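The values are calculated or read from the model by the stated rules, or taken from the named source; none is laboratory data. Since the structure is predicted, the reported quantities are computational estimates derived from the model, not experimental observations. Here the Cβ positions follow ideal geometry from the backbone for every residue, glycine too, while neighbour counts run over all protein chains shown. Quick note on the areas: whole protein, heavy atoms, side chains included, nothing else; ligands and nucleic acids left out. Shrake-Rupley method; radii C 1.70, N 1.55, O 1.52, S 1.80 Å.
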Amino acid sequence: MPNAIEVNNVTMKFNMSKDKVDSIKEYFIKMCKRQLRFEEFTALQNVSVNIEKGDVFGIVGLNGSGKSTFLKVVSGILKPTEGWAKTYGTISPLIELGAGFDMDLTARENVLLNGLVLGYTKKHMKEKFDEIIEFAELQDFVDVALKNFSSGMVARLGFAVATITKPDILIVDEILSVGDFLFQQKCEERIKELMANDTTVLIVSHSIEQIERLCKHVMWLDHGNVKMLGDMKTVCDAYKSM
Amino acid sequence: MKAYLQTFTRYRHLLMDLVARDLKVKYRRSALGFLWSILNPILMALVIAVVFSQMFKFKQPYYASYYLTGALIFNFMSEATSNSLTSVISGASLIKKVYLPKYIFPLQKTVFAFVNMLFSLVAVIVMMLIDGVPFHWTMLLFPIPMIYVFVFTVGLSLLLATLNVFFRDVGHLYSVFITAWMYLTPLIYPESLLTDTRLGSFTLMSIVQFNPMYYYVTYFRRVVMDGVIPGLEVNLICAACSLFFLVLGVWAFKRKQDKFILYV
């Protein structure tokens, strides 16, 4: 199987400036006083991983271990400080609940906008619109502004838009934990459907059971380092017995 | 290069939708809607015409049309750049969550201002009919200065949007800057004032000749009002300014865009 995602030696550092300098005056004063200090925070340290096409890849780790940063690097939102990440094919990122949703717009407008943000055409989104709404079970709320939605409803809509057009790579960050158990089942079924279609899925979840149910391979991140990488059973067992 | 073009064609639907949304927002809840884009400049030109040709006695034939042709070009640039300035920062919620080419945001604002300029162009035509400006076939060349100023503005917008991410002062300073810039462009006063006004041993023209907007504004007036096609030299100046700012803006934006997410 060819690789769908290649991550090579990625290091991601953030400047945690103690006080944010965003005016020219401050910048020059601080520069003259030599106070322009930055504390570097390393979110990812030399992470390398190749993910095969059609794989369902899980990432586990405690809070602050760099899971979300890793997903953002893969989806191209963040550019790594060192190293590189390459992806092959279209990506649907579900990094956050309703990423790219405008809360003042209605569900109908948001489906269209979100599709365009993901790089689809308007025509395509109009064709798929009914299917999306049906999957999200929001038939009665099509023309309601999103700010009046519950977080579960927003999550459902987000998941429906992201998965409706069989992306080559689907990135899912922790969002499956929102909807009720019926919708979670539906999402998992959709993910399995996509798996059968050779879509590569990248999942971050705190629910180890979910990872065990869905994934083939798992990476365990600890403070930005890869602690373990391998097939699901070995890594999950080690993670649980930590 | 090919990859860039592919990304652009992929996201052009988004760009068009964002511009369309801007237009809808602008005219929401106004009874006359799009008509305001035409009516507003005409009314504004009438006010300016009364003040400056009656009270200040500027000797300029077809004063209202003279003002409006200049204001059309300048206001496009001013609106586009002022909105682009904050565009990346206001797009923060998107930039942080999905990948999309970041130049979409300044480009959206510039295209939006360009569409507004096209609406206002109707106002210019109406005003020129009212004033009785004679018809010249060179009027048909009006898109040329518009393309020059568009390219210039895209470059400047990218540059300002980049600067403003790192230094928010730029936004505060820019509104003052644009006012000074407006007075250094012959919009409300006749072009003859530039050579007549003496500052010591210089004329005002010795400053204004470094103002790119001067060339775009006068180019537009030459073809639309005077029936003259500007010579090669003026065309070269216009093209050089536009390309210089485009390259500068693209260069600055491309160099810094990966850092935007850490500052917005």
Report summary line: Over the range B:138-152, the set of residues hydrophobic (A, V, I, L, M, F, W, C) and part of a helix (DSSP H, G or I) is B:Met139, B:Leu140, B:Leu141, B:Ile144, B:Met146, B:Ile147, B:Val149, B:Phe150, B:Val151, B:Phe152
Query raised in the report: Looking at the range A:141-242, what helices (runs of 4 or more DSSP H) fall wholly within it and have at least 1 residues that are open to solvent by 10 Å² or more (accessible area, probe 1.4 Å) and not assigned by TED's automatic domain parsing to the domain that holds A:Phe70?
Result: A:151-163
Report summary line: Among the residues of the range B:16-38, the number that are of a type in the set (D, E, K, R), within 14 Å of chain A (Cβ to nearest Cβ) and surrounded by fewer than 14 Cβ atoms within 10 Å (Cβ to Cβ) is 2
Query raised in the report: Mind checking which pairs have a first residue in the range B:246-264 that is at pLDDT 85 or above and a second that is open to solvent by 30 Å² or more (accessible area, probe 1.4 Å) and assigned to a helix (DSSP H, G or I), Cβ under 7 Å, 6 or more apart or different chains?
Result: B:Leu246/B:Val151; B:Leu248/B:Leu159; B:Gly249/B:Leu159; B:Ala252/B:Leu159
**Report entry** Residues (within 9 Å of another protein chain (Cβ to nearest Cβ) and in a loop (DSSP other than H, G, I, E, B)) located in the range A:81-97
**Finding:** A:Ile95, A:Glu96
Requested in this report: Tally the residues that are farther than 17 Å from B:Leu94 by Cα and more than 10 Å from chain B (Cβ to nearest Cβ), restricting the search to the range A:70-80.
Outcome: 1
Query raised in the report: In the list B:Pro41, B:Pro106, which residue meets the criterion of being buried (at least 22 other Cβ atoms within 10 Å of the Cβ), assigned to a helix (DSSP H, G or I) and modelled with pLDDT under 90?
Result: B:Pro41
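If you scan the range A:102-123, which residues turn out to be more than 8 Å from every other protein chain (Cβ to nearest Cβ), assigned to a helix (DSSP H, G or I), more than 18 Å from B:Phe8 (Cβ to Cβ) and not charged (D, E, K, R)?
Just the residues of the range A:102-123 that are more than 8 Å from every other protein chain (Cβ to nearest Cβ), to begin with: A:102-111, A:114-115, A:123.
Now narrow it down to the ones that are assigned to a helix (DSSP H, G or I): A:107-111, A:114-115, A:123.
Those still in the list that are more than 18 Å from B:Phe8 (Cβ to Cβ) too: A:107-111, A:114, A:123.
Matches in the range A:102-123: A:Ala107, A:Asn110, A:Val111, A:Asn114.
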Report summary line: From the option list A:Ser92, A:Ser75, single residue qualifying as in contact with a helix residue (DSSP H, G or I) (Cβ under 7 Å, 6 or more places away or on another chain) and open to solvent by less than 30 Å² (accessible area, probe 1.4 Å) is A:Ser92
